[in-house]
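Report on the following structure.
The values are calculated or read from the model by the stated rules, or taken from the named source; none is laboratory data. Note that this is a predicted model, so its numbers are computed, not measured. In this analysis, Cβ positions are derived from the backbone assuming ideal geometry, glycine residues included, and neighbour counts consider all displayed protein chains.
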């Protein structure tokens, strides 16, 4: 029996279908507990396009799909359970480089990226806000 999708996975599906409200999606991400794999004492991330992406998963099934893609599905993965708000408000600014949140990246037609822009991360680390707090 297939596990029901989380509220965040539902908002992602709506957005990908073109019927979602972006503000509701960001709000749901902030309220959701995400499973973030840990490695070498830190949170697992990947760099792409000049951005460091912290990888979070909406449930254990999504994390397991990721583990299988990385060839280590037969061993348990250590992970932290963090609120999305904590990731984007505290972890992202601590990284000293452009960073965002990638959710369910191994879920076909179910992933979503939350880039380092105003409204998602604090203005001080948003790429679309200058040092004076003005939109670029």
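Every listed requirement among (1) exposed (fewer than 11 other Cβ atoms within 10 Å of the Cβ); (2) under 17 Å from residue 111 (Cβ atoms); (3) in contact (Cβ under 8 Å) with a residue 40 or more places away in the chain is met by residue 78 save one, (2). Only residues that are closer than 19 Å to residue 70 by Cα and under 13 Å from the mean Cα position of the chain (by Cα) were counted in segment 98-111, giving 9. The C-beta contact set for segment 118-129 (first residue in contact (Cβ under 8 Å) with a residue 40 or more places away in the chain, second residue in a strand (DSSP E or B), distance under 8 angstrom, 6+ apart or interchain) comprises 120/100; 120/101; 120/114. Residue count for segment 1-11 under the criterion of being buried (at least 17 other Cβ atoms within 10 Å of the Cβ) and either closer than 19 Å to residue 118 by Cα or free of Cβ contacts under 8 Å to residues at least 40 places away in the same chain (or both): the result is 1.
Residue check: residue 44 meets all listed conditions (1) in contact with a helix residue (DSSP H, G or I) (Cβ under 8 Å, 6 or more places away or on another chain); (2) within 15 Å of residue 104 (Cβ to Cβ) but one, namely (1). Against the conditions (1) buried (at least 19 other Cβ atoms within 10 Å of the Cβ); (2) at pLDDT 95 or above; (3) under 20 Å from residue 6 (Cβ atoms); (4) in contact with a strand residue (DSSP E or B) (Cβ under 9 Å, 6 or more places away or on another chain), residue 63 satisfies every one except (2). Within segment 94-110, being closer than 18 Å to residue 42 by Cβ and exposed (fewer than 15 other Cβ atoms within 10 Å of the Cβ) holds for 94, 96, 97. Out of 129, 117, 91, one residue alone is farther than 16 Å from residue 54 by Cβ and either modelled with pLDDT under 95 or out of contact with any helix residue (DSSP H, G or I) (no Cβ under 7 Å at 6 or more places or on another chain) (or both). It is 129.
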